[in-house]
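Visitor: Let me give you the structure first, and then I'll get to my questions.
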Amino acid sequence: MSIDPRTPVLVGQGQVVNRIASLNDAREPAQLIADAIRQAATDAKLNKLPEIDALHIVRLLSWKYTNPAFTVASLLGIKTRT
């Protein structure tokens, strides 16, 4: 798939800090990633997450997911292709 180099790109940033008093209150990395993506979309002035062609996530060292991109996509309500 070729993308026209004149295609506009919206960039947003999001950061989530998980400071907790107890490990029982800790959130999973996939939840933190999904929150950061939502914040980035808001920062880019998007009312909702756009259709996403691809979501790639580097495997996490601290938490093992079979398919981290699928897990995050599910949390964001993104339909996946199989």
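FYI, it's all coordinate maths here, none of it is from the lab. Bear in mind the structure is a predicted one, so any value in this text is a computation, not a measurement. Counting neighbours? That spans all protein chains shown, and the Cβs are built from the backbone with ideal geometry, glycine included.
Visitor: Using packing as a proxy for protection, rank 17-24, 46-53 so that the peptide with the highest average count of other Cβ atoms within 10 Å comes first. Numbers along the way, then the final one.
Guide: Values: 17-24: 7.4, 46-53: 10.0.
Answer by packing, highest mean first, reads 46-53, 17-24.
Visitor: For semi-axes √(5λ) of the Cα gyration tensor in Å, the choices are [x] 26, 17, 11; [y] 27, 14, 12; [z] 19, 18, 11; which was calculated from the structure?
Guide: [x]
Visitor: What distance in nm separates the simple spin-label points at ALA26 and LYS48, each placed 7 Å from Cα in the Cβ direction?
Guide: Result for the modelled spin labels: 3.5 nm.
Visitor: Near LYS79, which aspartates and glutamates are there with a Cα under 13 Å away, not counting those fewer than 8 places off in the same chain?
Guide: Straight-line reach from LYS79, under 13 Å: GLU51, ASP53.
Visitor: Another one. Extension gain LEU60-ALA36, at 0.36 nm per residue separation less the Cα-Cα distance, in nm? Let's see the in-between values first.
Guide: Numbers: separation 24, 0.36 × 24 = 8.64 nm, distance 1.56 nm.
Difference between extended and current length: 7.1 nm.
Visitor: Considering only DSSP states other than H, G, I, E and B, which chymotrypsin sites (Phe, Trp or Tyr not before Pro) in the chain qualify as loop sites with at most 13 other Cβ atoms within 10 Å? List each step's numbers first, then the result.
Guide: Details: sites: TRP63, TYR65, PHE70; in loops: TRP63, TYR65.
Sites meeting the loop and neighbour criteria: TRP63.
Visitor: Another question, if that's okay. Using 7 Å Cα-to-Cβ label points, what is the ASN67/VAL16 separation (nm, one decimal)?
Guide: The answer from the label model is 2.0 nm.
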